[in-house]
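What follows is a short report on a single structure.
Each value in this text was obtained by applying a stated rule to the coordinates, not by laboratory testing. Predicted model, so just to flag it, every value in this text is computed and none were measured. Here the Cβ positions follow ideal geometry from the backbone for every residue, glycine too, while neighbour counts run over all protein chains shown.
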Amino acid sequence: MTWPGVRRGPRIAALNGIGGRLLLYRDCIRIERSGPWFTAVNLLSHVEREIETTILLDRLVAVHMVRSLLLVQFLRFTYAGAPTPTGHYLRDAFAENAFMLSLVDNRPLLAMQARIVDAARARDATP
């Protein structure tokens, strides 16, 4: 979902992964989906997925790390109007409010999760 009237400030952080790019700005998060995983899912599922999602930090309720023993871990962002989890791991991993980084090492994803939470808290603390 892209919110009208979003004014992105300077970029605070960026993360590239198998799910595309995750960009953190002063007032929003932007997920840009590209690459072989995104293309394969679009071709195999015959469903058009969101190519870009912008989430305002003011509307962000939670950032969840969804983990599995065998499958890729991903971040799921919760906000008003976000898709609800289906219980199907791969559908949830490719939802508009999710971002995947890697099949192996997700420490950068955990660090980005902490930065997003800190940015959202700082935004809430600003009058």
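Rounded to the nearest 20 Debye, what is the dipole magnitude of the chain about its Cα centre when Lys and Arg each give +1 and Asp and Glu each give -1 at the C-beta?
280
Neighbour counts of other C-beta atoms within 10 Å: give me 60, 69, 75 arranged from fewest to most.
69, 60, 75
Tilt of helix 36-45 relative to the longest C-alpha principal axis of the chain, in degrees (0 to 90, nearest 10)?
60
To test your reading of the geometry: what angle, between 0 and 90 degrees and rounded to tens, separates the Cα axis of helix 107-125 from the longest principal axis of the chain?
Helix 107-125 sits roughly 30 degrees off the main axis of the chain.
The range 11-125: percent of C-alpha pairs farther apart than 23 Å?
Cα-Cα pairs in the range 11-125 separated by more than 23 Å: 23 percent.
Counting each DSSP H run of 4 or more residues in the chain as -39500 (n - 2.57), what helix-only mean residue ellipticity at 222 nm follows after dividing by all residues, to the nearest 500 deg cm²/dmol?
Per the formula, -8000 deg cm²/dmol.
With contacts defined as alpha carbon pairs under 8 Å and 6 or more residues apart, what's the relative contact order of the chain in percent?
Result for the chain is 23 percent.
Measuring from label point to label point, each 7 Å out along Cα→Cβ, what is the residue 27 to residue 117 span in nm?
2.6
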